[in-house]
Amino acid sequence: MSSLIHPITLLLIIFVGYGFKRFHIFGDNDYRVLQRVVFNLTLPAAIIVSFLNNSHDLSLLWVTLFGFVCGMIPIPILYFASRRRPVSERAFLMLNGAGFNIGNFCFPVMQGMLGSASLVPGAMFDMGNCVVVSAGSNLLTLRLLHIQPGKTLKEQGAGDAPVLPKITPKDKDARRLARIAAIKNILKGFFTSVPFDCYLLMIVLMLTGVTLPGVVSTVLEPFANANGFCSMLMVGMLMDLPAGRNDVKQVLRVLAWRLPFAALFAAFAWFVLPFDASIRKAVVMLCFAPTAIFATLFSDKVLGNARMAGFCLSVTAILGMIALTAINFLIPA
């Protein structure tokens, strides 16, 4: 019974966050404060505590590779499939159609359903996924669609064309400086992400066999325990009603791609990955995670439309909760 009550409680927290915003207890942009708390404190703490409190076999690096592949595969497919659509729709599809919300969504849900041991494959999967969601999908979207970072598409005069005009400096030195700036932007995108840095640190510690003192886990555990509540409340604060029919169509387009990808990745995880049933079940559940919080952040920066991305996140989160609950009851571990 508790395995059913837990996801219902998490859904309730989502709706509480939405209700607080609707009744102006929270402002429309207050989610950004909680977003910083989650990205820079509770999620990194949950990552570190998971590694310190659970043993990690090096063979689970295959799960990391699988998480990276699952995050990357949709991006070029979505790029080619949407080649006749306006650049704004392509950017939204590419940013929200790839990547998974693991640390903010699956960690608290799976911990309640499967226990803390499920965080081990969850963390290993998210190491690969984090490369995509923390910077990879945004950088690929910007490069493939010729979008300048730091400006919304409206500010760049985007119309109905499928890509923006490519601006290539004619001067040799200018091209070299542009390449250097692009490389710096890529590195900045990865290494300014605190969750990504935490995963990188944990991988190094795992490979070198270094063990952190137990007091580290003791200190960080209260912050890690707050990750589930803060994350679900943030999802609720990001929830919004669509602005119009076009928003609904774009979100449905994202769902039309995400669900088949999820089913395909889940089938591969269950029938192909060389692990016991408990680990494969956890990975199957991870494949049905909603859109990443980073997708909302990047959609806001590129499109200037956090509302539509928040609507997409809320819809995929509710569907993800239903999918994870069904998988927990239907698949033996």
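What residue, of Arg22, Arg32, is over 30 Å from Pro162 (Cα atoms), free of Cβ contacts under 8 Å to residues at least 40 places away in the same chain, within 19 Å of the chain's Cα centre (by Cα) and open to solvent by 60 Å² or more (accessible area, probe 1.4 Å)?
After applying the criteria, what remains is Arg32.
Among the numbered criteria (1) over 16 Å from Val38 (Cβ atoms); (2) surrounded by fewer than 20 Cβ atoms within 10 Å (Cβ to Cβ); (3) of a type in the set (Phe, Trp, Tyr), which single criterion is violated by Phe311?
Condition not satisfied by Phe311: (2).
Quick check, is Met234 in contact (Cβ under 8 Å) with a residue 40 or more places away in the chain and either over 26 Å from Ile13 (Cα atoms) or in contact with a Leu (Cβ under 9 Å, 6 or more places away or on another chain) (or both)? Reasoning before the result, please.
Working: in contact (Cβ under 8 Å) with a residue 40 or more places away in the chain: yes; either over 26 Å from Ile13 (Cα atoms) or in contact with a Leu (Cβ under 9 Å, 6 or more places away or on another chain) (or both): yes.
The answer is yes for Met234.
Quick check on the range 170-192. Is at least one of its residues under 22 Å from the mean Cα position of the chain (by Cα), modelled with pLDDT of 80 or more and open to solvent by less than 30 Å² (accessible area, probe 1.4 Å)?
Going residue by residue through the range 170-192, those that are under 22 Å from the mean Cα position of the chain (by Cα) are 185-192.
Narrowing the set further to residues that are modelled with pLDDT of 80 or more leaves none.
There is no residue in the range 170-192 that is under 22 Å from the mean Cα position of the chain (by Cα), modelled with pLDDT of 80 or more and open to solvent by less than 30 Å² (accessible area, probe 1.4 Å).
Looking at Gly103, Gly112, Gly97, which is the one that is in contact with an Asp or Glu (Cβ under 7 Å, 6 or more places away or on another chain), closer than 24 Å to Met239 by Cα and not acidic (Asp, Glu)?
Only one candidate passes the filter, namely Gly103.
Between residues in the range 264-290 that are at negative phi and among the hydroxyl-bearing types (Ser, Thr, Tyr) and residues that are part of a loop (DSSP other than H, G, I, E, B) and open to solvent by 10 Å² or more (accessible area, probe 1.4 Å), which pairs lie under 9 Å by C-beta distance while being six or more apart or on different chains?
What qualifies is Ser278/Ala333.
Go through Asp240, Asp247 for me and flag whichever is open to solvent by 10 Å² or more (accessible area, probe 1.4 Å), in contact with a Gly (Cβ under 9 Å, 6 or more places away or on another chain) and modelled with pLDDT under 85. Lay out the reasoning, then the answer.
Details: Asp247 fails: in contact with a Gly (Cβ under 9 Å, 6 or more places away or on another chain).
Every option except Asp240 fails the conditions.
Give the range 235-266 a look and list any residue that's hydrophobic (A, V, I, L, M, F, W, C), more than 18 Å from the chain's Cα centre (by Cα) and farther than 19 Å from Ile77 by Cα, or say none.
If the condition is that a residue be hydrophobic (A, V, I, L, M, F, W, C), more than 18 Å from the chain's Cα centre (by Cα) and farther than 19 Å from Ile77 by Cα, then Leu241, Ala243, Val248 are the ones that fit.
Scanning for something within 23 Å of Val131 (Cβ to Cβ) and out of contact with any helix residue (DSSP H, G or I) (no Cβ under 8 Å at 6 or more places or on another chain), does the range 280-299 turn up at least one residue? So that I can check it myself, show each step before the final result.
The initial filter retains those residues of the range 280-299 that are within 23 Å of Val131 (Cβ to Cβ), namely 280, 282-299.
From what's left, out of contact with any helix residue (DSSP H, G or I) (no Cβ under 8 Å at 6 or more places or on another chain): none.
No - not one qualifying residue is present in the range 280-299.
How many of the residues making up the range 291-308 are open to solvent by 40 Å² or more (accessible area, probe 1.4 Å) and at negative phi? Don't jump to the end; show me each part of the working.
First, pick out the residues of the range 291-308 that are open to solvent by 40 Å² or more (accessible area, probe 1.4 Å): 297, 301, 304-305, 307.
After this cut, where a residue has to be at negative phi as well, the list is 297, 301, 305, 307.
Final tally of qualifying residues: 4.
Within the range 281-312, track down each residue that is modelled with pLDDT of 85 or more and of a type in the set (A, V, I, L, M).
Ala282, Val283, Val284, Met285, Leu286, Ala289, Ala292, Ala295, Val302
The values are calculated or read from the model by the stated rules, or taken from the named source; none is laboratory data. Note that the structure is predicted; figures quoted are calculated from it, not measured. Please note: Cβ atoms are built from the backbone with ideal geometry, for glycine as well, and neighbour counts cover all protein chains shown. Note: accessible area is taken over every heavy atom of the protein model, side chains too, but ligands, DNA and RNA are not part of it. Shrake-Rupley method; radii C 1.70, N 1.55, O 1.52, S 1.80 Å.
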